[in-house]
Amino acid sequence: MVWFGFGFNGFRQIYKAVHSSEKKDYLEKNVEVKVTVPVRLASCNSDGTNEKAHDHDASTSKEVVCGKAEEKVIEIRASWSRRGTLILGADAHVCLSGFGTSAQTVCDCVPESRGCRDAQLTERHLTLLFGDRAECWSFDTWGGLPVWKMEFSEMAGMGSPVALPLVPGGYITTNPPMFRTLSPQLRAVSLALGLEHAVLLTASGSVYTWGLGSHGQLGHGGLEQEEEPRVVEALWGVAMAGVAAGSWHSASISTGGDMYTWGWNESGQLGMPARGLQEERKHTDQVEGTGSDTDGEDSRGVFISIQAFPALVDLPEDSEVTKVSCGSRHTAAVTGKGNLFTWGWGDYGQLGHGSSCSSDQPLHVDFFSDNALFVLDVVCGPWNTFVSVVEREQSES
């Protein structure tokens with residue numbers, strides 16, 4: 001399994017794999033701010049060098065990790081200016097790429113992260129989950145002591161391994177006071193945090209939301225704020241398997257592979273007709289002399305600015321969604337057949353279609369199928385996207 005990245009690269013958080021002979025030139029030249037075509041991400045070694053690899057070779061199962069060749073599982077965490085690489089295994093730790101990274105390295109490994117089980121990355125903090133504690137470190141005051149710490153007895157009371165931002169008894173927020181309680185009766189199994197709202201999945205497959213609702217991102221039909229978790233009644237009776245949250249929009253996928261979105265649709269991030277994109281296309285067509293004189297609605301119906309109830313996303317037939325992730329104003333979904341679809345705001349190439357165009361319809365990312373790659377997972381940063389893949393032959397064996 002290897003990772004690819006595309007989109008905003010203003011701080012070199014999308015550091016592509018290059019041959020060692022090309023490393024110096026790559027480090028010294030101006031790296032493009034917009035990466036519009038997926039590139040394979042470089043692996044981290046203890047001396048800051050990157051592995052020798054070809055961009056499309058996804059067959060390697062053993063790679064060098066901080067000076068050691070070993071089997072590993074890699075997960076990606078992303079904020080606006082940084083990428084966190086969570087390496088799980090015997091020597092689990094987190095490496096950071098992007099803003100603040102040493103000028104001559106691929107990424108910087110975080111000593112305080114040794115032995116961690118999970119990590120959460122925001123613009124200001126790195127939160128680490130261990131077997132007996134959680135710690136939050138500030139990028140503004142790095143070193144010394146964590147700005148927040150909570151100890152617990154080996155995930156006491158948790159029926160299954162917990163994933164951040166969930167911790168025993170509650171969850172970690174993106175701002176102080178950092179920890180907030182959750183009722184154990186909710187039986188939370190997954191939690192996604194938006195800019196000012198939260199989307200929670202329970203063990204029974206129900207979805208709860210709370211926080212700011214001004215853009216319909218809570219899915220309750222109105223724009224009111226909710227102080228406490230409230231079940232999304234429109235999804236009641238349909239078992240959900242995953243949730244995601246963007247800045248002001250939300251998404252969920254059912255156990256049957258259907259996908260629902262709700263909230264703000266200014267950039268088409270819900271996969272519904274957006275007036276701004278229609279006007280942008282119309283202007284482009286007029287400039288290029290290819291447009292028509294017809295005005296009015298999108299062919300799919302009326303334009304949607306705010307969708308306050310969950311709505312089914314129109315994906316191609318036989319597309320059962322297995323993973324979903326939301327950026328600030330874009331959305332990405334992985335299907336059971338290993339295909340990736342993206343839509344929404346694309347100014348920095350975060351949709352992966354080789355351009356900076358936005359889309360209010362789910363579009364297949366051809367790069368991966370064209371290179372015989374099977375997509376396993378997707379993680380959206382605010383303005384970029386990261387995708388893990390294997391070769392299609394591996395996925396079928």
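Laboratory data are not the source of any read-out in this text; all were calculated from the coordinates shown. Just so you know, these numbers come straight off a predicted model, no measurement behind them. Note that we place each Cβ from the backbone using ideal geometry, even for glycine, and neighbour counts take in every protein chain shown.
Once Lys and Arg get +1 and Asp and Glu get -1 on their Cβ, which of 79, 121, 92 lies farthest toward the positive end of the dipole of region 70-145?
Of the candidates, 79 comes out farthest on the positive side.
Need one word for region 190-262: rounded, prolate or oblate. Basis is the Cα gyration tensor (sqrt eigenvalues a ≥ b ≥ c); a/c below 1.5 gives rounded, then a/b vs b/c decides.
It is prolate, given that a/c is not under 1.5 and a/b is the larger ratio.
Rounded, prolate or oblate: which fits region 83-138, taking a ≥ b ≥ c as square roots of the Cα gyration tensor eigenvalues, rounded meaning a/c under 1.5, else prolate when a/b beats b/c?
oblate
Can you check how the C-alpha radius of gyration of region 317-377 compares to 2.2 N^0.38 Å, as a plain ratio?
1.05
How much FRET efficiency would the formula 1/(1 + (r/R0)^6) give for residue 179 and residue 318, where r is the Cβ-Cβ distance and R0 is 45 Å, rounded to 0.05?
Computed FRET efficiency for residue 179 and residue 318: 0.55.
Could you list the trypsin sites (Lys or Arg not before Pro) in region 314-394 that lie in coil according to DSSP, counting only those with at most 14 other Cβ atoms within 10 Å of their Cβ?
Answer by residue number: 337.
Residue 141 versus residue 309, label points 7 Å from Cα toward the beta carbon: distance in nm?
4.8
Among 327, 302, 346, flag the residue with its Cα farthest along the positive direction of the charge dipole of region 298-354, charges on Cβ as +1 for Lys/Arg and -1 for Asp/Glu.
Of the candidates, 327 comes out farthest on the positive side.
Exposure proxy check: 122, 342 ranked by fewest other beta carbons within 10 Å?
Ranked by crowding around the Cβ, least crowded first: 122, 342.
Shape call for region 355-397 from the C-alpha gyration tensor, a ≥ b ≥ c root eigenvalues: rounded (a/c under 1.5), prolate (a/b greater than b/c) or oblate?
Verdict is prolate for region 355-397.
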